[in-house]
Amino acid sequence: MVQTIFAKELSLYDLEIEFGLQLTEDTCFTEWVSDVTVTESEKQALNRIRSNYLNLTRYRFMSEEAVKMVVLSPLLDLAGFYQPPFAIETETSIQISAEDDGIIVKGSIDVLVVQQRLWILVIESKATKFDVMTALPQALAYMLSYGNKKQPKFGLLVNGREFVFVKLIGQDQPQYSLSQAFSILKPEDDLYYVLHLLKYIGGLIGRGAPTCAQP
């Protein structure tokens, strides 16, 4: 697959100018979480993920690799993304930096791609955590540039503690919408919503089915 490199300073404004991208409210996210379909065994597995995360963060900040191993990988497994018809690809990490109290904090964003329809961006910082929304411009840039432009595409932004879903629709006038931020620190229900949304998106892209009405 051809790799397109985007500047680390890429902003939402840049995407608005280049692609005419617009933020819109999307009731689909509300509909998707209104009736959570997670089994009791899946709830137990999710509770274990949360317990593992809370235990390990008592000792030290979790690296990106630990986040992927302890939180993200079990979630993707529960959602069925390691089984047919899915295949996961990895992209080159995006390097990021920010100033925190006079100190330059460096990190990276690892990108996983499922079927060119779901982009998962995992944020890592070796000092203080970057806000989960740090990865939004890069996620949208990938989603705009790859795959079938006629199909809705999805993103998941993860920093270990928080999860935000992104949906991109439209062609000539692309629009994106955001879910609420789900936190692993909140009651277990938040992780239930995350798995529910992953399973729902997996069902859509596995069947090649459309989502809510497109503009």
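The values are calculated or read from the model by the stated rules, or taken from the named source; none is laboratory data. Here the structure is a predicted model, which means the values were calculated and not measured. Cβ placement follows ideal geometry from the backbone for every residue including glycine, while neighbour counts extend to all protein chains displayed.
Assorted remarks:
- From the options Gln173, Gln180, residue that is polar (S, T, N, Q) and either farther than 11 Å from Phe29 by Cα or crowded, with 18+ Cβ neighbours inside 10 Å (or both): Gln173
- Failed item, numbered, when Val122 is tested on (1) modelled with pLDDT under 75; (2) under 20 Å from Asp77 (Cβ atoms): (1)
- Number of positions in region 160-179 that are closer than 20 Å to Ile123 by Cβ and at pLDDT below 90: 3
- Test: Ile94 is within 15 Å of Gly160 (Cα to Cα) and either surrounded by 19 or more Cβ atoms within 10 Å (Cβ to Cβ) or modelled with pLDDT under 70 (or both): no
- Met62 falls short on exactly one of the conditions (1) part of a loop (DSSP other than H, G, I, E, B); (2) surrounded by fewer than 15 Cβ atoms within 10 Å (Cβ to Cβ); (3) modelled with pLDDT under 90; (4) not small (Gly, Ala, Ser), and that condition is (2).
- Number of the exception - Lys129 against (1) modelled with pLDDT of 80 or more; (2) out of contact with any helix residue (DSSP H, G or I) (no Cβ under 8 Å at 6 or more places or on another chain); (3) not in a strand (DSSP E or B): (1)
- The one condition in (1) buried (at least 16 other Cβ atoms within 10 Å of the Cβ); (2) under 16 Å from Pro152 (Cβ atoms); (3) not small (Gly, Ala, Ser) that Thr57 fails to fulfil: (2)
- Among the residues of region 162-190, those that are closer than 23 Å to Lys149 by Cβ and among the aromatic types (Phe, Trp, Tyr) comprise Phe165, Tyr176.
- The single condition from (1) at pLDDT 85 or above; (2) in a helix (DSSP H, G or I) that Gln83 fails is (2).
- Selection over region 148-184 of residues that are within 17 Å of the chain's Cα centre (by Cα) and part of a loop (DSSP other than H, G, I, E, B) gives a count of 8.
- Region 17-46 - residue that is acidic (Asp, Glu) and surrounded by fewer than 13 Cβ atoms within 10 Å (Cβ to Cβ) and, of those, nearest to Ala139 (Cα to Cα): Glu18
- Tally of residues being part of a helix (DSSP H, G or I), at pLDDT below 80, among the acidic types (Asp, Glu) and closer than 15 Å to Asp189 by Cβ across region 3-56: 0
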